[in-house]
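What follows is a short report on a single structure.
Readers should treat all values here as calculations from the given coordinates under stated rules, not as data from a laboratory. Note that this is a predicted model, so its numbers are computed, not measured. Glycine also receives a Cβ, built like all others from the backbone with ideal geometry; neighbour counts cover every protein chain displayed.
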Amino acid sequence: MSTGEWVSTSMPYLTPRGEGQPDAWGQELAERGRRGGQRIVGAGEVAASDEVAELLELAPGEAVVVRRRVMFLEDLPCELTDTYYPMSIARGTRLAGTAKIPGGAVTLLAELGYVGVRVREEVSARMPGEEEREALRTEPGEPVLRLTRVTLDLEDRPIQLDKMTMPAHRQRLRYEMRIG
């Protein structure tokens with residue numbers, strides 16, 4: 001694996017953390033002896049786009065909470081992540097703010113009584129927009145991967161939507177599935 005490539009699995013990002021544990025990204029970096037972090041570039045209420053509304057099973061234009069982050073591996077941006085939550089879950093919580101959440105958002109969701117038990121992920125490739133290309137420091141002509149993840153609770157209600165954009169040449173996704 002080259003120094004710029006990152007192999008990632010989804011499971012750690014779906015599991016609430018124990019008391020005092022770092023968020024999943026921080027732990028994954030530490031376990032691999034790598035440096036990195038995240039910068040929250042915005043958070044608050046927005047009107048749900050058609051795509052966000054459909055995936056969260058809301059009406060188009062309905063208010064949702066979004067947290068926008070840039071993830072870094074070493075000093076290089078490796079992912080743009082927008083995470084959306086229904087207002088009924090996130091209004092008035094730390095999910096609506098720009099401060100880092102101890103243990104990560106999945107841990108806070110569990111503390112609030114929302115535990116994900118099922119996930120739907122879709123991966124696609126496309127050319128980035130100019131803003132994405134600049135934020136990810138990619139060259140013209142380099143595609144990105146788009147990972148869309150919807151987390152559902154025990155009653156099959158969407159509780160979180162992640163839309164992640166990553167430089168394709170620096171990312172490899174690994175999926176492990178258990179049948180039965």
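Here are the numbers for this structure:
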| quantity | calculated |
| --- | --- |
| Loop-located chymotrypsin sites (Phe, Trp or Tyr not before Pro) in the stretch 75-179 whose Cβ has at most 15 other Cβ within 10 Å (DSSP) | TYR175 |
| Karplus-derived HN-Hα couplings along the stretch 133-147 (A = 6.51, B = -1.76, C = 1.60, θ = phi - 60°), whole Hz, x at Gly and Pro | 4, 5, 5, 8, 6, 9, 8, x, x, 8, x, 10, 9, 10, 10 |
| Size of electric dipole in the stretch 110-180: Cβ of Lys, Arg +1 and of Asp, Glu -1, about Cα centre, debye, nearest 20 | 300 |
| The stretch 71-178: relative contact order as a whole-number percent, Cα under 8 Å and 6+ apart | 32 |
| Gap separating the Cα centres of the stretch 75-109 and the stretch 137-178, nearest whole Å | 16 |
